[in-house]
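Asks: One structure, as structure tokens, below. Some questions next.
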Amino acid sequence: MRPILAALLFAATVMLHAAVPAQGLRPPLLLTGAQGRAGADLSGQWTYSRDLYRTGLTDINGWVAKSRMQRYRDVDVAAEEARGGTTFFEFDMERGPRMAIPGAWNAATPTLRYYDGLVWFQRKFDAQPDGGRAFLRFEAVNYRAYVYLNGKEIGRHEGGFTPFVLEVTDVLRAGENWLTVGVDSTHDAQSIPTQITDWDLYGGITRPVRLVRTPATFIDDAALALTGDGRITGEVRLNGPVAAGQRVTVRIGALACATATTDAAGRAVIDIKAPPGLERWSPEHPKLYDVRFAAAGDTIADRIGFRTIAVRGNQILLNGQSIFLRGISLHEEEFGPNPARNITPQAARALLHEIKHGLHANYVRLSHYPHSEVTVRLADEMGLLVWSEIPVYWTVDWENPAVLKKALAMQAETIYRDRNRASVVLWSVGNETPVSPARTAFHAAMADNVRKLDPTRLISAALLVERQGGVTAIRDPLIDKLDVLAVNTYAGWYGDDTLDALPGLTWQVPADRPLILSEFGADALAGHHGMHKFGEEYQAEYYRKTLAMAERIPTLRGMSPWILKDFQSPRREHPVFQNGWNRKGLMSETGVRKEAFGVLAEYYQGRAANRAGTPMSVQ
């Protein structure tokens, strides 16, 4: 691309971002604290109907779907059929097969293992109006959702890993209600991610759905954070007919109480000096406070930790002290031979326990999309620092303004969900995206968006590196937008480098910025032995040599090797070693530790007493 054209494209993308202010990306409803509110969990058995040709949404030529195909209709098909006549149906959700929700359909039955398209789900539930308001909160539906209640469309959502809320106060009826959700897992060049990845995309309603009850005026959002100058700041937002001029009270355990008054838009600003007895959250001491927000007769509660995160030169500072991030990457799959991406508290704890106590880690990279709220809250509780990212991954339609808007909206949904989580310290704006002016402008807009929405955390991205003349270097203009540099490197697995050559590899990186090795790894099939690729011994030696190489990078301040456990990927089809699994895990999919697990655990155990990250020897 010619320099002038590239400059014009960069300017146009930045101007586009400026036209979408951060406040315009705020979801219309958040329902912060929804888990603690009155309502009903709609998990359980839902009926489903496949719709590969999308006949429930549209007929041929994009016409309105025929009524006999519309799965969302408020009709008892069996009763209508019993009446006879000329009417007939080509669906019956009530008598369809059943599937456990939450959970991906790929794991429900072998016939759906690689199904990619539209599936309709339906669940009946009883409700009684109580004079307040009612909402449906979906924690995640992958990828597009079409939501109907009692035959009426109440909303749509795009994005497979972030929550969305729909009000149903005027549609909910006394007694039996029919909730129907069309879920389309199809990805394309304009979706995030696109249709080519290195993980299983998992279609379906993959996280819980709740019917939530609130008063007419309620607390929609509440956030608090500790600033670098020793203050606790945040906001509370009310939604409803009497949101303005309301007194707001915030109690932080028994330590502090703050009050404020909402403005005409229902927003109150909190700003108090941190109390002297406030204990800072850290991996060694993950202190959480019971925080209570009250206003207009409504209350919500949260458990919040208070800490600061910053960079100074090439140091990462947690609560003002230099820290080395001892981590691992993780995909959202539970242990087991047939994962359904159903991350229960027990499933999340099993994964994070191996990281925290098995590997002696203090950090987890949640790849390559926002993970379950269950996982992030458990990281708060257990004391694991978190890297969070959205799936702007590999290829994106960089020049499409609509795609950028999707990315910014998904990013905002993630930040608003997790900004009370002390564990989250890094927002990533991308993974392994090839450098071009349009791509850099896209990522720059994302970084600027994070700065506007959440200036209390650090920004990073997993970058590609270049090898020239035996020197590994970062030559990416995006680094000017990042607080922490991060690179994925697979020398010794991909390419022609021998393992013995790894410790001597030369790195050229900026001296004034902390660096994380966001990925490195090698495949091994658990139980397969030998000093050849896919052997456990090869993987273990790869880790020894790569760690020795890492010790020679003076600005290295953390790492998250690829990956804790083997995970499903349709790209990986070697009939002996892979069979649809990426085998770079330090554990098998069923939880068997490979030899390399012990290599990294021993290294991290030595690092644990060395928070500042001075070099170590690797045996």
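The values are calculated or read from the model by the stated rules, or taken from the named source; none is laboratory data. Just so it is clear, the model here is predicted, and its values are computed rather than measured. Please note: Cβ atoms are built from the backbone with ideal geometry, for glycine as well, and neighbour counts cover all protein chains shown.
Asks: Check LEU149 against each of (1) within 30 Å of GLY266 (Cβ to Cβ); (2) surrounded by fewer than 21 Cβ atoms within 10 Å (Cβ to Cβ); (3) free of Cβ contacts under 8 Å to residues at least 60 places away in the same chain and name the one condition it does not meet.
Replies: Among (1) within 30 Å of GLY266 (Cβ to Cβ); (2) surrounded by fewer than 21 Cβ atoms within 10 Å (Cβ to Cβ); (3) free of Cβ contacts under 8 Å to residues at least 60 places away in the same chain, LEU149 violates only (2).
Asks: Against the conditions (1) without any contact (Cβ under 8 Å) to a residue 24 or more places away in the chain; (2) over 21 Å from TYR494 (Cβ atoms), where does ASN579 fall short? Just the number, please.
Replies: All conditions are met except number (2).
Asks: Hey, another quick one. Residue under question is SER388, and the condition is that it be small (Gly, Ala, Ser), under 24 Å from PRO28 (Cβ atoms), outside any helix (DSSP H, G or I) and not assigned by TED's automatic domain parsing to the domain that holds GLU235; does it hold?
Replies: Here the answer is yes, as SER388 does meet what is asked.
Asks: Can you find a residue in the range 306-313 that is in a loop (DSSP other than H, G, I, E, B), under 30 Å from LEU600 (Cα atoms) and touching a helix residue (DSSP H, G or I) at 6+ places or on another chain (Cβ under 8 Å)?
Replies: no
Asks: Does PHE121 fit the bill of being out of contact with any strand residue (DSSP E or B) (no Cβ under 9 Å at 6 or more places or on another chain), not β-branched (Val, Ile, Thr) and not assigned by TED's automatic domain parsing to the domain that holds MET446?
Replies: No: the conditions fail for PHE121.
Asks: State whether the residues of the range 533-546 include one that is outside the structural domain of ALA340 (by TED's automatic domain parsing), under 22 Å from ALA473 (Cβ atoms) and not hydroxyl-bearing (Ser, Thr, Tyr).
Replies: no
Asks: What about ALA462, is it crowded, with 21+ Cβ neighbours inside 10 Å, touching a Phe, Trp or Tyr at 6+ places or on another chain (Cβ under 6 Å), assigned by TED's automatic domain parsing to the domain that holds ARG544 and over 27 Å from LEU30 (Cα atoms)?
Replies: no
Asks: Identify, from the list TYR72, TYR148, TYR53, the residue that is in the same structural domain as LEU179 (by TED's automatic domain parsing) and either more than 30 Å from GLY240 (Cα to Cα) or among the small types (Gly, Ala, Ser) (or both).
Replies: The match here is TYR53.
Asks: So how many residues does the range 166-190 have that are crowded, with 20+ Cβ neighbours inside 10 Å, in contact with a Lys or Arg (Cβ under 9 Å, 6 or more places away or on another chain) and of a type outside the set (A, V, I, L, M, F, W, C)?
Replies: The total comes to 4.
Asks: Still on this structure: What number goes with the only condition from (1) of a type in the set (Val, Ile, Thr); (2) at pLDDT 95 or above; (3) assigned to a loop (DSSP other than H, G, I, E, B) that THR546 does not pass?
Replies: (3)
Asks: Would a scan of the range 519-538 turn up a residue that is among the hydroxyl-bearing types (Ser, Thr, Tyr), over 30 Å from VAL311 (Cβ atoms) and either touching a Ser or Thr at 6+ places or on another chain (Cβ under 7 Å) or free of Cβ contacts under 8 Å to residues at least 40 places away in the same chain (or both)?
Replies: Scanning the range 519-538 turns up at least one residue that is among the hydroxyl-bearing types (Ser, Thr, Tyr), over 30 Å from VAL311 (Cβ atoms) and either touching a Ser or Thr at 6+ places or on another chain (Cβ under 7 Å) or free of Cβ contacts under 8 Å to residues at least 40 places away in the same chain (or both).
Asks: Yes or no: LEU112 surrounded by 15 or more Cβ atoms within 10 Å (Cβ to Cβ) and either out of contact with any strand residue (DSSP E or B) (no Cβ under 7 Å at 6 or more places or on another chain) or of a type in the set (S, T, N, Q) (or both)?
Replies: Yes: the conditions hold for LEU112.
Asks: Among the candidates SER436, SER423, which residue alone is hydroxyl-bearing (Ser, Thr, Tyr) and in contact with a strand residue (DSSP E or B) (Cβ under 9 Å, 6 or more places away or on another chain)?
Replies: SER423
Asks: May I ask you to list pairs of residues, at least six apart or on different chains, whose Cβ atoms are under 6 Å apart, with the first in the range 586-610 being of a type outside the set (A, V, I, L, M) and the second being assigned to a helix (DSSP H, G or I) and crowded, with 19+ Cβ neighbours inside 10 Å?
Replies: LYS594/GLU536; GLU595/GLU536; GLU595/ALA540; TYR603/LEU547
Asks: Of the conditions (1) part of a strand (DSSP E or B); (2) under 26 Å from ALA65 (Cβ atoms), TYR115 clears all except one; give me its number.
Replies: (1)
Asks: Let me ask something else. Between a first residue in the range 179-198 that is under 19 Å from GLN568 (Cα atoms) and touching a residue at least 24 places away in the same chain (Cβ under 8 Å) and a second residue that is in a strand (DSSP E or B) and aliphatic (A, V, I, L, M), which pairs have beta carbons less than 9 Å apart while being 6 or more apart in sequence or on different chains?
Replies: Every condition considered, the pairs that remain are SER185/LEU118; SER185/VAL119; THR186/LEU118.
Asks: Quick check on my filter: what residues within the range 306-354 are in contact with a strand residue (DSSP E or B) (Cβ under 8 Å, 6 or more places away or on another chain) and acidic (Asp, Glu)?
Replies: GLU332, GLU333, GLU354
Asks: Any idea which residue in the range 387-400 is nearest to SER282 (Cα to Cα), counting only those that are of a type outside the set (Ser, Thr, Tyr) and surrounded by fewer than 24 Cβ atoms within 10 Å (Cβ to Cβ)?
Replies: Looking at residues that are of a type outside the set (Ser, Thr, Tyr) and surrounded by fewer than 24 Cβ atoms within 10 Å (Cβ to Cβ), I get TRP394.
Asks: If I ask for residues that are of a type outside the set (Ser, Thr, Tyr) and over 21 Å from GLY203 (Cα atoms), which ones from the range 167-188 would you list? Quick ask: steps written out before the conclusion?
Replies: Start the filter on the range 167-188 by keeping residues that are of a type outside the set (Ser, Thr, Tyr), which leaves 167-168, 170-179, 181-184, 187-188.
GLU167, VAL168, ASP170, VAL171, LEU172, ARG173, ALA174, GLY175, GLU176, ASN177, TRP178 - these are the residues of the range 167-188 that are of a type outside the set (Ser, Thr, Tyr) and over 21 Å from GLY203 (Cα atoms).
Asks: I've got another one for you. When the range 152-165 is examined, which residues are found to be crowded, with 19+ Cβ neighbours inside 10 Å and not in a loop (DSSP other than H, G, I, E, B)?
Replies: HIS157, PHE164, VAL165
Asks: Scan the range 527-586 residue by residue and report those that are touching a Pro at 6+ places or on another chain (Cβ under 7 Å) and among the hydrophobic types (A, V, I, L, M, F, W, C).
Replies: Correct list: ALA548, MET549.
Asks: Can you give me the number of residues within the range 323-381 that are in a helix (DSSP H, G or I) and out of contact with any Asp or Glu (no Cβ under 6 Å at 6 or more places or on another chain)? Outline the logic, then answer.
Replies: Taking the range 323-381 and keeping what is in a helix (DSSP H, G or I), we get 345-358, 373-381.
Imposing the further condition that a residue be out of contact with any Asp or Glu (no Cβ under 6 Å at 6 or more places or on another chain) reduces the set to 345-346, 348-358, 373-375, 377-381.
Result for the range 323-381: 21.
Asks: While we're looking at this one, here's another question. Of the residues in the range 447-477, how many are under 18 Å from SER388 (Cβ atoms) and assigned to a helix (DSSP H, G or I)?
Replies: 7
Asks: Taking the criterion of being part of a loop (DSSP other than H, G, I, E, B) and touching a residue at least 12 places away in the same chain (Cβ under 8 Å), would at least one residue in the range 437-446 satisfy it?
Replies: Within the range 437-446, not a single residue is part of a loop (DSSP other than H, G, I, E, B) and touching a residue at least 12 places away in the same chain (Cβ under 8 Å).
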